[in-house]
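The values are calculated or read from the model by the stated rules, or taken from the named source; none is laboratory data. Please read all numbers here as calculations on a predicted model, not as lab measurements. Quick reminder, even Gly has a Cβ in these numbers, built from the backbone with ideal geometry, and neighbours come from all protein chains shown.
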Amino acid sequence: MQIIVMLIFLVVWLLIFWIGSIAFETTGMERAKARFQALSALSGTGFTTREAESVVSHPKRRRIAAWLIFLGNAGIVAFLVLLVLYIRAGITAPPLLHIVVLILTVLVICLFIWLRIIDKISNASSG
């Protein structure tokens with residue numbers, strides 16, 4: 001059960017990252033910069049001066065970055081609280097079915113990235 005919850009956290013984090021990068025793209029930012037800025041805001045690291053100015057000087061981008069920063073910090077706190085609770089309750093070895101589901105999920109995510117399916121989906125929704 002613990003691994004499934006951690007996997008759900010990872011999927012939700014990736015979904016927030018994806019939505020944040022699409023939101024930056026809708027403000028006119030190019031895709032590579034939008035992804036970097038979404039990752040920077042969500043993780044709280046990585047802003048460069050010129051790139052940060054393009055986010056801070058635009059009101060919609062500033063609002064998007066603020067939400068990503070908030071969600072990133074709230075997610076880290078929630079993840080750490082869950083981790084502490086699981087450690088206190090005792091970490092048990094997951095059943096074989098959970099391990100198989102975890103491996104299959106990671107493989108599907110890797111396949112989506114390798115085949116650029118997520119790029120195709122975001123291109124279809126934005127154009």
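Yes or no: segment 75-98 includes at least one residue that is modelled with pLDDT of 80 or more and polar (S, T, N, Q). No - not one qualifying residue is present in segment 75-98.
What number of residues within segment 33-67 are acidic (Asp, Glu) and either surrounded by 12 or more Cβ atoms within 10 Å (Cβ to Cβ) or not in a helix (DSSP H, G or I) (or both)? Before the answer, list the steps.
So the first thing to find is which residues in segment 33-67 are acidic (Asp, Glu), and the list is 51, 53.
From the residues that got through so far, the ones that are either surrounded by 12 or more Cβ atoms within 10 Å (Cβ to Cβ) or not in a helix (DSSP H, G or I) (or both) too are 51.
Count: 1.
Restricting attention to segment 64-78, the residues that are within 8 Å of residue 41 (Cβ to Cβ) and polar (S, T, N, Q) add up to 0.
Kindly indicate which of 25, 30 is surrounded by 15 or more Cβ atoms within 10 Å (Cβ to Cβ), among the acidic types (Asp, Glu) and within 20 Å of residue 120 (Cα to Cα).
Values: 30 fails: surrounded by 15 or more Cβ atoms within 10 Å (Cβ to Cβ).
Exactly one residue qualifies, and that residue is 25.
Out of all the residues in segment 80-97, which are among the small types (Gly, Ala, Ser) and either under 17 Å from residue 7 (Cβ atoms) or part of a helix (DSSP H, G or I) (or both)? Can you show your working first?
Restricting attention to segment 80-97, the residues satisfying the condition of being among the small types (Gly, Ala, Ser) are 89-90, 93.
Hits for segment 80-97 are 89, 93.
The residues of segment 66-92 that are out of contact with any helix residue (DSSP H, G or I) (no Cβ under 9 Å at 6 or more places or on another chain) and more than 22 Å from residue 18 (Cα to Cα), listed by number, are 80, 81, 84, 85, 87, 88, 90. Checking segment 12-19 against the condition returns a match, with at least one residue being aliphatic (A, V, I, L, M), out of contact with any helix residue (DSSP H, G or I) (no Cβ under 9 Å at 6 or more places or on another chain) and either loosely packed, with under 15 Cβ neighbours inside 10 Å or closer than 26 Å to residue 103 by Cα (or both). Of the numbered criteria (1) surrounded by fewer than 16 Cβ atoms within 10 Å (Cβ to Cβ); (2) closer than 26 Å to residue 121 by Cα; (3) aromatic (Phe, Trp, Tyr), the one residue 79 fails is (2). In this entry, residue 39 is excluded by the filter for residues that are under 22 Å from residue 119 (Cα atoms), within 15 Å of the chain's Cα centre (by Cα) and touching a residue at least 40 places away in the same chain (Cβ under 8 Å).
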